[in-house]
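**Q** Got a structure for you, questions after.
The values are calculated or read from the model by the stated rules, or taken from the named source; none is laboratory data. Only a predicted model underlies this, so the values are computations on that prediction, with no experimental measurement involved. Because the Cβ atoms are built from the backbone with ideal geometry, glycine has one as well, and the counts that use them run over all protein chains shown.
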Amino acid sequence: MAQEVEIGRGKRARVAYTLDKVAVVPSRRTRDAMDVSTGWQVDAYYLDIPIMSAPMDSVTSPETAIAMGRFGGVGVLDLEGLWTRYEDPTTLLEELASMPSDEAGVRMQQIYREPIKPELITARLSQIREAGVTVGAALSPQRTQEHWRSVVEAGVDLFVIRGTTVSAEHVSSNREPLNLKRFIYELDVPVIVGGAVTYTAALHLMRTGAAGVLAGYGGGASSANRRTIGVASPMATIVADIAAARRDYLDESSGRYVHVIADGSVSSSGNIVKALACGADGVMLGTALARADEAPGRGWHWGAEACHPSLPRGERVWVGSEGPLESILFGPAHNARGVLNLVGALRHAMASSGYSDLKEFQRVDIVVQPD
């Protein structure tokens, strides 16, 4: 039973937990870290590591998407970002990196007013496909109906529909909302949808036929949802709730498995471990990969929320540069801050708990750390 507390005579609230409040408990058995598998099968695509890069301009360019693919993960390109608005956005990225914080917000809104060009969607995805890696690309629900055909014709392997909150029952009086169930049924590529933060919302998304559900709001350190619109939910509880929806949908659908991808508040190796232990199959990383030397943000990090033309719900934040992408993923690490050798830390946690693969690791014991 979920624990509730009374916050006043007229309102009760559910107790929920962030990833920082939980910890993994090693079991009686351990194993060699080299015997641990971090492989992840998503539909027809096998990945060596359970990591997708977030579709953010500060994280994923066509080049970093290719690099992620060669390292065994998936780079997900934002098809509403600068790479599909400008032929060569590198000058603009340099400008944003050098701009004072008090000027960045207005300038970002100006830059992102440039229309999305279908021919650039085709060019960017073709560039990634020609490199021979898994092609991942993302659109918001609002833009999916407008651009999905260009995406599919260009040859996408994993199509991500990503927003702050995505529901299977969006209601609108001024436009025809995206019918996710019909859209996914008619599309011949696996679709990952989200964010979702509750059991019920995730279950409804699973019933649309989605191959995966993004658990969380995304945005990570660059999100200001709590401050601007008062919306937030702790990540450990989100993942555990949506993992429960996956289990129940597996029974309901007579065996159809939907992947749960933790998206948001997963910025260190310890958080990756705990998100997977709470029930996630994989993680979508923003801040953690924005720290790579190759990241387009040049040490700065922002999401689509920061560029909204009328109500920004995020901001450009400084995360710094920690080293090459390869070192971020595979080390070696030179400190204990949890920002380098993410995969090595995951292997160590699995080995110290005695589990040989990610699916087994979801059964590990977890404790809540008191305040």
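**Q** For the stretch 348-363, give me each residue that is assigned to a helix (DSSP H, G or I) and either among the acidic types (Asp, Glu) or over 24 Å from the mean Cα position of the chain (by Cα) (or both).
**A** Ala351, Ser352, Ser353, Glu360
**Q** Would you say Val317 is over 28 Å from Val193 (Cα atoms) and in contact with a strand residue (DSSP E or B) (Cβ under 6 Å, 6 or more places away or on another chain)?
**A** no
**Q** Consider the stretch 129-166. How many of its residues are surrounded by fewer than 19 Cβ atoms within 10 Å (Cβ to Cβ) and over 29 Å from Ile242 (Cβ atoms)?
**A** 7
**Q** Do we have Ala221 as small (Gly, Ala, Ser), assigned to a helix (DSSP H, G or I), at pLDDT below 95 and closer than 30 Å to Asp20 by Cβ here?
**A** yes
**Q** Separate question: Could you grab me the full set of residues in the stretch 85-105 that are under 18 Å from Ala295 (Cβ atoms), assigned to a helix (DSSP H, G or I) and not hydrophobic (A, V, I, L, M, F, W, C)?
**A** Within the stretch 85-105, Thr90, Thr91, Glu94, Glu95, Ser98 qualify.
**Q** Sticking with this one: Answer yes or no as to whether Ala44 is over 23 Å from Gly354 (Cα atoms), of a type in the set (A, V, I, L, M, F, W, C) and without any contact (Cβ under 8 Å) to a residue 24 or more places away in the chain.
**A** Spelling it out, it is not the case that Ala44 is over 23 Å from Gly354 (Cα atoms), of a type in the set (A, V, I, L, M, F, W, C) and without any contact (Cβ under 8 Å) to a residue 24 or more places away in the chain.
**Q** Still on this structure, please answer the following. Can you tell me how many residues in the stretch 268-313 are part of a helix (DSSP H, G or I), of a type in the set (S, T, N, Q) and farther than 22 Å from Ala244 by Cα?
**A** 2
**Q** OK, next. State the number of residues belonging to the stretch 106-120 that are assigned to a helix (DSSP H, G or I) and within 26 Å of Leu311 (Cβ to Cβ).
**A** Residues that pass the stated criteria total 6.
**Q** Still on this model: Right, Gly338: under 20 Å from the mean Cα position of the chain (by Cα), assigned to a loop (DSSP other than H, G, I, E, B) and surrounded by fewer than 24 Cβ atoms within 10 Å (Cβ to Cβ) or not?
**A** yes
**Q** Which one is farthest from the chain's Cα centre (by Cα), of the residues in the stretch 255-268 that are of a type in the set (S, T, N, Q) and surrounded by fewer than 24 Cβ atoms within 10 Å (Cβ to Cβ)?
**A** Ser268
**Q** Next question, about the same structure. For the structure I just gave you, tell me whether Ser126 is exposed (fewer than 15 other Cβ atoms within 10 Å of the Cβ), under 23 Å from Gly218 (Cβ atoms) and either at pLDDT below 90 or of a type in the set (Ser, Thr, Tyr) (or both).
**A** no
**Q** Can I ask one more? List every residue pair whose Cβ atoms lie under 7 Å apart, where the two residues are 6 or more positions apart in sequence or sit on different chains, the first residue falls within the stretch 1-30 and is closer than 16 Å to Met350 by Cβ, and the second residue, located anywhere, is among the aromatic types (Phe, Trp, Tyr).
**A** Listed pairs, sorted by first residue: none to list.
**Q** Shifting gears a bit: Need at least 1 residues that are of a type in the set (Gly, Ala, Ser) and under 24 Å from the mean Cα position of the chain (by Cα) per element, so show me which strands (runs of 3 or more DSSP E) inside the stretch 1-70 make the cut, counting only ones lying wholly within it.
**A** The strands (runs of 3 or more DSSP E) meeting that bar are 22-25, 51-53.
**Q** Taking interchain pairs and intrachain pairs at least six residues apart, which have beta carbon atoms under 6 angstrom, with the first residue in the stretch 287-305 and over 13 Å from Ala54 (Cβ atoms) and touching a residue at least 12 places away in the same chain (Cβ under 8 Å) and the second among the small types (Gly, Ala, Ser) and surrounded by fewer than 24 Cβ atoms within 10 Å (Cβ to Cβ)?
**A** From residues that are over 13 Å from Ala54 (Cβ atoms) and touching a residue at least 12 places away in the same chain (Cβ under 8 Å), the pairs are Asp293/Ser321; Arg298/Ala97; Gly299/Gly320; Gly299/Ser321; Trp300/Ala97.
**Q** Let me ask something else about it. Of Leu311, Leu289, which residue is among the aliphatic types (A, V, I, L, M), surrounded by fewer than 16 Cβ atoms within 10 Å (Cβ to Cβ) and more than 24 Å from Arg28 (Cα to Cα)?
**A** Of the residues listed, the single one that is among the aliphatic types (A, V, I, L, M), surrounded by fewer than 16 Cβ atoms within 10 Å (Cβ to Cβ) and more than 24 Å from Arg28 (Cα to Cα) is Leu311.
**Q** Quick check on Val76: is it without any contact (Cβ under 8 Å) to a residue 12 or more places away in the chain, among the β-branched types (Val, Ile, Thr) and part of a strand (DSSP E or B)?
**A** For Val76, the condition - without any contact (Cβ under 8 Å) to a residue 12 or more places away in the chain, among the β-branched types (Val, Ile, Thr) and part of a strand (DSSP E or B) - is not met.
**Q** Residue check: is Trp300 of a type in the set (Phe, Trp, Tyr) and either touching a helix residue (DSSP H, G or I) at 6+ places or on another chain (Cβ under 6 Å) or modelled with pLDDT of 95 or more (or both)?
**A** Yes.
**Q** Under the condition of being surrounded by fewer than 16 Cβ atoms within 10 Å (Cβ to Cβ) and either of a type in the set (Gly, Ala, Ser) or in contact (Cβ under 8 Å) with a residue 40 or more places away in the chain (or both), which residue from the stretch 98-122 is nearest to Glu146 (Cα to Cα)?
**A** Here the residue is Arg113.
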